[in-house]
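Report on the following structure.
The numbers here are math on the coordinates, done by the rules we state, and not lab data. Since the structure is predicted, the reported quantities are computational estimates derived from the model, not experimental observations. Cβ sites come from the backbone with ideal geometry, for glycine too, and all protein chains shown count toward neighbours.
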Amino acid sequence: MLYQRSSQLFAEAEKVIPGGVNSPVRAFKSVGGTPIFVKQAKGAYLYDEDGNRLIDYINSWGPMILGHAFEPVVQAVTEKAKLGTSFGMPTELETQIAALAVSMVPNIDKIRFVNSGTEACMSAVRLARGFTKRDKIIKFAGCYHGHSDSFLIQAGSGAMTFGTPNSPGVTAGTAKDTLLAKYNDLENVRSLIEANPNEIAAIIVEPVAGNMGCVPPIKGFLEGVRQLCSENGILLIFDEVMTGFRLAKGGAQELLNINADIVCFGKVIGGGLPVGAFAAREEIMNYLAPLGPVYQAGTLSGNPLAMAAGKAMLESLNTDAAIFQRLEEKTAYLEAGIHRVLKANNIIYTINRVGSMISVHFDASPVVDFQTAAKGDNETFKKFFHGLLQEGVYIAPSAYETWFITDALSYEDLDFTINAIDNVSKTL
Ligand code: PMP
């Protein structure tokens, strides 16, 4: 496959956009080469500017759970657009989608809509700090919660207690309030809490991590974190930006049967439009302005086009009783196929999967946290990625990303993908 026009478009983009992209992960930096420029997409397929058709395993990094240009979403947005695209005033639609989300997700009474996952997590932490009157938060190395300052803290060896900024622009003052813990290491969390008594407002966690590849919580980890939070007056924030409305109707809370105090959403909840949300029980949510003292706002929050798309998406998920089972079966089928061909070609690998989130790591040992995820062989991944691209299969251009399976994938598409992986494996 040729990607000539994409290369030209990228060169043009680089002149006027830093790195040619509006979000760094799109830039193919860790795999080399130039990004693919998309022209359009439908169902499970992307069509690029060179006229190639690619089977899409990124799906806008998660939202396209029912496929690209999903008809009910397209129709809802088109109809709404004719009636005005933004008012900055309340609409009935906002209440309808809020009520729907509250009915689908366990343990929440009220929800507020924002414009991205970043905003959702940032606001959730501010709310937790205001509610508990404490400053510090615990986050886990390898978990991503958007690009707000408090979250751009990465683990370095020995930097587990006090965070250090890993992005210039994040002040040391901000970084010191973010404590780092190891994912799946309950004792680490316990010792951080003991070392900072009555200072920790919240623990924020991806209940199934998706930003170091897919890393499932080991048994007892989140249950233990939940208990530690309850015992120490700490709010547990589940960042369900990836898992919400994907792993189950009620997200990871439902799948894992663990209640969080605040839940963050993004991606699926907007049906592909820029939407995020955060939700909690009434007592916590009433702490937000205009009812309470914690300020949070947005001109475009609850935007009619975004709400129309999100509502159409959630309604489709809510009324399709078999959707999550189908996603599970399709992803399990893909997983079995990948195991088969990678084994047959003597590739060293580990596959992690929870529901329709799956990732292939090129290392033999279990991937349970950031350190073990980082052990994967990036050179092999690069070849794997570019090989698949040549076969017409598009996975995320980084070894540390999850593949998001869409219901629009047919079993023929999955067989095509497994066959492509077989072909590529022979060249690794
Ligand atoms: N939280 C998680 C778990 C995410 O995966 C992401 C984005 N990939 C975010 C937050 C940030 O969302 P956004 O990119 O919409 O700001």
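What to note about this one:
- Environment charge at residue 238 (Cβ cut-off 12 Å; Lys +1, Arg +1, Asp -1, Glu -1): -4
- Normalising the Debye intensity of region 5-145 to I(0), with uniform scatterers on Cα atoms only, and taking log10 at q = 0.10, 0.12, 0.16 Å⁻¹ returns -0.57, -0.81, -1.22.
- With 21 Å as the limit, the listed pairs 330/375; 42/82; 182/375; 29/382; 110/267; 182/219 have 330/375; 42/82 beyond it between alpha carbons.
- Across region 1-63, the volume of the C-alpha convex hull divided among the residues equals 95 Å³ per residue.
- With only the Cα atoms considered, region 224-374 has a convex hull volume of 157 Å³ per residue.
- Among 332, 222, 321 - extreme Cα towards positive end, dipole of the chain, charges at beta-carbon: 222
- Summing +1 for each Lys or Arg and -1 for each Asp or Glu among the other residues whose beta-carbon sits under 9 angstrom from that of residue 49 gives 0.
- Hydrodynamic radius by Kirkwood, which averages 1/r over all alpha carbon pairs of the chain, in angstrom: 22.2 Å
- For the pair residue 12 and residue 42 in one chain, pulling the backbone fully straight at 0.36 nm per residue adds 8.2 nm over the alpha carbon distance.
- Using θ = phi - 60° and Karplus 6.51 cos²θ - 1.76 cosθ + 1.60, couplings along region 115-127 (whole Hz; Gly, Pro as x): 10, 6, x, 4, 4, 4, 5, 4, 6, 4, 5, 4, 4
- Using the Stokes-Einstein relation with a Kirkwood hydrodynamic radius computed over Cα pairs, the translational diffusion coefficient of region 71-319 at 37 °C and a viscosity of 0.692 mPa s comes to 180 µm²/s.
- Mean separation of Cα contacts under 8 Å, 6 or more apart, over the residue count of the chain: relative contact order %: 22 percent
- What the phi angles of region 422-428 give under the Karplus curve with 6.51, -1.76 and 1.60, with θ = phi - 60°, is a coupling list of 4, 4, 5, 4, 5, 9, 7 Hz, glycine and proline written as x.
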